[in-house]
Amino acid sequence: MLKRAFNFYINSSIHVSLAVVSLVAITFQCFQLSLNINLLIFIFLGSITGYNFVKYAGLAKLYYRTLATNLKVIQGFSLIAFLGFIYSCFFQPVSVLIVAGIMGLFTILYAIPVFSKNRNLRALTGVKIYVIAFVWAGVTVLLPVVDKMDFFQMDFFLEFLQRFCFIIALTLPFEIRDLKFDLKQLRTIPQKIGVKKTKLVGLLLILVFVLLEFLKQNSSLAEGLSVLFVGMITSIFLINSGISQKEYYSSFWVEGIPIIWWLILSVLGMLI
């Protein structure tokens, strides 16, 4: 029963949504902004809705008559999350809704074929990982500050670029895992350059992720140390990733690194 509950936690996108919310909380802390609970709820419910739409919309269309019980439960949960998301929209400023709408549009284009028959953003050659990184960076960096600060500040640009590099590096273990499933025309990074070189690219991105922290004008010691620790943790998971992975290696442990980052930053913030 515990394993079924844990699988529901993973498969219903609660875990990945908590990771998204953790990155949003990190942005609040980095820019010394008060935590906006309404926005965190909005992003959490929106992430569940978006992720489950991307993962299960096609399955529901193909197998709607014979849906497994677990998928039906996830569909019901997703509907509740979607209704909660719609309700939470009424508590957000227009600027947040506009940015969220743009990110939502990318999510829809990622899942639904619009460019040609059976082709969406996910199916476009070599595009998938960059769409994911852009949307994650937009949601976790732009949404928390959209109505609170000047986007032309150097620290904001560095934060966005840093988050973009971090998400790409974090996604590479998934791409390595999916190497035996992905269609060749997707031209993912592991498909193009192989697993070893993919890991080297990921390590380079993690190095950029860490170095960008020290270019910021207002970075604290706690933030710098947390980025260093998270860079090391991500590197370890990337190096040890392979085509054959344990069941929860990427879906729980790798996807949970943003949560670990937020915990590390919170503890360091209290100690330093």
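The values are calculated or read from the model by the stated rules, or taken from the named source; none is laboratory data. The model shown is predicted, which means the values in this text are computed figures rather than measured ones. Using ideal geometry, Cβ is built from the backbone for each residue, glycine included, and neighbour counts are taken over all protein chains shown.
Points worth noting:
- Complete set of residues in region 223-263 that are modelled with pLDDT of 95 or more, in contact with a Leu (Cβ under 8 Å, 6 or more places away or on another chain) and among the hydrophobic types (A, V, I, L, M, F, W, C): L225, L238, I239, V254, I257, I259, W261, W262
- With respect to (1) out of contact with any helix residue (DSSP H, G or I) (no Cβ under 7 Å at 6 or more places or on another chain); (2) in contact (Cβ under 8 Å) with a residue 24 or more places away in the chain; (3) of a type outside the set (D, E, K, R), the lone exception for F82 is condition (1).
- Candidate set from region 32-54 (those that are part of a helix (DSSP H, G or I) and either of a type in the set (F, W, Y) or without any contact (Cβ under 8 Å) to a residue 40 or more places away in the chain (or both)); member that is farthest from E159 (Cα to Cα): F53
- Helices (runs of 4 or more DSSP H) wholly inside region 160-272 containing at least 2 residues that are under 21 Å from V139 (Cβ atoms), touching a residue at least 40 places away in the same chain (Cβ under 8 Å) and of a type in the set (F, W, Y): 257-271
- Residue that is surrounded by the fewest Cβ atoms within 10 Å (Cβ to Cβ) [pool: residues in region 4-31 that are among the small types (G, A, S) and in a helix (DSSP H, G or I)]: A5
- Scanning region 209-225 for residues that are closer than 26 Å to F174 by Cβ and surrounded by fewer than 16 Cβ atoms within 10 Å (Cβ to Cβ) yields one hit, L211.
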